[in-house]
Amino acid sequence: MKDSSGNWRDPPSPYPCIEIGDSKMNLNDFISMDLEVGWGAVYMLFKFVPRFGSNY
């Protein structure tokens, strides 16, 4: 991460980013400015675990 001056707080990892051949970054897949898509949801942990997993 970088600080407000643009200097590294910690150096980047010595290994390459996790990626696959046809996709380097997929963050934009999770961002939508389409009003028809609607708002996302924020879950409390006790509601998140039953919905998405049970190994916590």
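Some values worked out for this structure:
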item: Some residue of the stretch 4-21 being under 17 Å from the mean Cα position of the chain (by Cα) and among the hydroxyl-bearing types (Ser, Thr, Tyr); result: no
item: Checklist (1) surrounded by 10 or more Cβ atoms within 10 Å (Cβ to Cβ); (2) at pLDDT 85 or above applied to residue 42, failing item; result: (1)
item: Residue within the stretch 1-16 that is among the hydroxyl-bearing types (Ser, Thr, Tyr) and either surrounded by 10 or more Cβ atoms within 10 Å (Cβ to Cβ) or at pLDDT below 80 (or both) present; result: no
item: Selected residue [outside any helix (DSSP H, G or I) and of a type outside the set (Ser, Thr, Tyr)] from 12, 50; result: 12
item: Qualifying residue in the stretch 27-34 (condition: surrounded by 10 or more Cβ atoms within 10 Å (Cβ to Cβ), modelled with pLDDT of 80 or more, on the phi < 0 side of the Ramachandran plot and among the hydrophobic types (A, V, I, L, M, F, W, C)); result: no
item: For residue 28: the one exception among (1) under 16 Å from the mean Cα position of the chain (by Cα); (2) of a type outside the set (A, V, I, L, M, F, W, C); (3) assigned to a loop (DSSP other than H, G, I, E, B); result: (3)
item: Residue pairs meeting the criteria (Cβ under 6 Å; at least 6 apart or on separate chains; first of a type in the set (A, V, I, L, M, F, W, C), in the stretch 27-56; second modelled with pLDDT under 85); result: 49/56
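The values are calculated or read from the model by the stated rules, or taken from the named source; none is laboratory data. Given the structure is predicted, the values throughout are model-derived calculations rather than measurements. Note that we place each Cβ from the backbone using ideal geometry, even for glycine, and neighbour counts take in every protein chain shown.
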